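The values are calculated or read from the model by the stated rules, or taken from the named source; none is laboratory data. Please read these numbers as outputs of a predicted model, since none were measured by experiment. Every residue, glycine as well, gets a Cβ built from its backbone with ideal geometry; the counts of neighbours run over all protein chains shown.
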Amino acid sequence: MGNLNIKEQKKSWIYLKKWNCYKLEQVCYCEKPRVPKEQCMNIFVPAEYMDKQGNRITEGSRMGYTADTAPVIFENGLAGYHEAEPFELDDHRSMGVESILAGFVYVSCGCRGRSSVDKKGILCGKAPVSVADLKAGIRFLKRNASVLPGNMDRIISVGISAGGAMSTLLGCTGDCTDYEEEWKEMGADLTQSDSIFGAQCYCPITDLDHADFAYEWMFEGQIHYMGMPFVGFNEGNLSPFAQSLSWKMGEKYVEYFNTLELKNPDTGEMLKISKDHGGNGSAYLKKQLEKAADKYVAKFPERKQELEHYSWLHFREGKAYISSIKEMEQDYHKRLKLCPAFDDLDLIQAENQEFGTSVTDKRHFNTPLAKIMEELKVEHPGETARYLPGYKKICGDKELARQKRLLNPLNYIGKEKTAPYFRIRVGAKDADTSLTVTMILALKLMECGKTNVDYEIVWDEAHGRADYPGEMVEWVRSIYAV
């Protein structure tokens, strides 16, 4: 059993001489954790802010911050929606060391994930449990704000991939009551706020309602995929059935995108797309890629020659110009996944497990695919007979609809308490999802009028912590100067 008052947990702070900071490890943030090693956090505090007994020192400072003013970096390690135990400070996946050196308080928060099981062997980490756990962690920190160093009104979440999606949700769903069912079950604090100050979102896997369709529009005509051996498939070519499915899914995405009424933030012009990467929405995406190339060359001028060998990338008066996204995808931004990319036909993708239940580990979740497969019955009778029943089965499932709604930040932008700052970074080579998914997220946040959005594509980076060294810390300092 956990305790919501940190002092009652009677844990001792550990001094880390190498980084001159204190650590409190495996702090449980709820009263009834089903998986204690996941539903806990590690807290790291610069030594200037506290003594070895854990008492705050208000007169000490590091890099201009004090125990009262230091921002709190709240990082999750959720990768592929897999359960995550909290990081150690110098884990290669974390930004713990740079946070501590910058004078920030660093919290690595664990959470349950898609294959979590409790002590009885029951699955207990399906959507939306991960984000509910992380919100419980924020509420715990705010409950204990009087004894913990750091400004709990200046919490900045950080996450990569599925963790980036969690960071996005934390920023979009402040104080939203939709997760109360999960909080009550785990014994989370129900009185504190879970709103945050900023969200750093690296390559966020969001809008799973439409991500499959976005992927087929992005990689239209590409039948060769690079493969994901760790998932269960190697490099190969799409089957004729998958190619037919891909074409129809790409068409559906055009319809969806053009109903969003997205606006170019620079001109106010309504953005639209068409098949074959046409439309001013595609042109806006291309512009972001060109800006990414320009920044890359500005930082590494000696590498410009490497970029000039691409037939689709040119430099005019010192500025990058991409002549064709389609050509770019043939030798730079290559298709990685099968079709469908997320709701896999054979249930092998992480998302199939994420949308499972306590009794069904994996299932389909993309309900519109049932209708599309119906249209392919004559052309592909064998494949539709094999796969269509699985997609029909989920149509009308109310619990699945709830899971999808609570895991999609687009459902909440501007409707709940929104973090005043977002920083979104995605790699130009990221083929884990469509580049338009992150673009839509950024544009929707800009349009809601409640947050400042710093959105960039980062050249030559793939899926992961797509960023330039030091820029995230600089961003934190820029949005919270003391």
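Table for the structure above
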{"read-out": "Those strands (runs of 3 or more DSSP E) lying entirely in region 11-69 with at least 1 residues of a type in the set (Ser, Thr, Tyr) and surrounded by fewer than 19 Cβ atoms within 10 Å (Cβ to Cβ)", "value": "14-16"}
{"read-out": "Some residue of region 380-388 being under 16 Å from the mean Cα position of the chain (by Cα) and either at pLDDT below 95 or farther than 20 Å from Ala211 by Cβ (or both)", "value": "no"}
{"read-out": "Residue check for Ala370: among the small types (Gly, Ala, Ser) and touching a Phe, Trp or Tyr at 6+ places or on another chain (Cβ under 9 Å)", "value": "yes"}
{"read-out": "Failed item, numbered, when His364 is tested on (1) touching a residue at least 40 places away in the same chain (Cβ under 8 Å); (2) outside the structural domain of Cys111 (by TED's automatic domain parsing)", "value": "(1)"}
{"read-out": "The lone exception for His463 - which of (1) touching a His at 6+ places or on another chain (Cβ under 7 Å); (2) within 13 Å of Cys203 (Cα to Cα) it fails", "value": "(1)"}
{"read-out": "Members of region 339-354 that are more than 16 Å from the chain's Cα centre (by Cα) and either in a loop (DSSP other than H, G, I, E, B) or in the same structural domain as Ala162 (by TED's automatic domain parsing) (or both)", "value": "Cys339, Pro340, Ala341, Asp343, Asp344, Leu345, Asp346, Leu347, Ile348, Gln349"}
{"read-out": "Residue check for Phe140: without any contact (Cβ under 8 Å) to a residue 60 or more places away in the chain and not charged (D, E, K, R)", "value": "no"}
{"read-out": "In region 260-319, residue surrounded by the most Cβ atoms within 10 Å (Cβ to Cβ) [restricted to those that are among the β-branched types (Val, Ile, Thr) and either out of contact with any Ser or Thr (no Cβ under 6 Å at 6 or more places or on another chain) or in the same structural domain as Ala428 (by TED's automatic domain parsing) (or both)]", "value": "Val297"}
{"read-out": "Residue under evaluation Phe230, criteria (1) modelled with pLDDT of 95 or more; (2) surrounded by fewer than 17 Cβ atoms within 10 Å (Cβ to Cβ); (3) of a type outside the set (Lys, Arg), criterion not met", "value": "(1)"}
{"read-out": "Only one of Ala431, Ala462, Ala466 that is closer than 19 Å to Ala79 by Cβ, surrounded by fewer than 20 Cβ atoms within 10 Å (Cβ to Cβ) and of a type in the set (A, V, I, L, M)", "value": "Ala462"}
{"read-out": "Conditions (1) touching a helix residue (DSSP H, G or I) at 6+ places or on another chain (Cβ under 8 Å); (2) surrounded by fewer than 19 Cβ atoms within 10 Å (Cβ to Cβ): number failed by Ile325", "value": "(2)"}
{"read-out": "Residue in region 196-214 that is free of Cβ contacts under 8 Å to residues at least 24 places away in the same chain, under 26 Å from the mean Cα position of the chain (by Cα) and not in a helix (DSSP H, G or I) present", "value": "no"}
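Quick grid of which residues meet (1) on the phi < 0 side of the Ramachandran plot; (2) touching a strand residue (DSSP E or B) at 6+ places or on another chain (Cβ under 7 Å):
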{"residue": "Gly77", "(1), (2)": "yes, yes"}
{"residue": "His82", "(1), (2)": "yes, no"}
{"residue": "Pro86", "(1), (2)": "yes, yes"}
{"residue": "Glu98", "(1), (2)": "yes, no"}
{"residue": "Gly121", "(1), (2)": "no, no"}
{"residue": "Val129", "(1), (2)": "yes, no"}
{"residue": "Asp133", "(1), (2)": "yes, yes"}
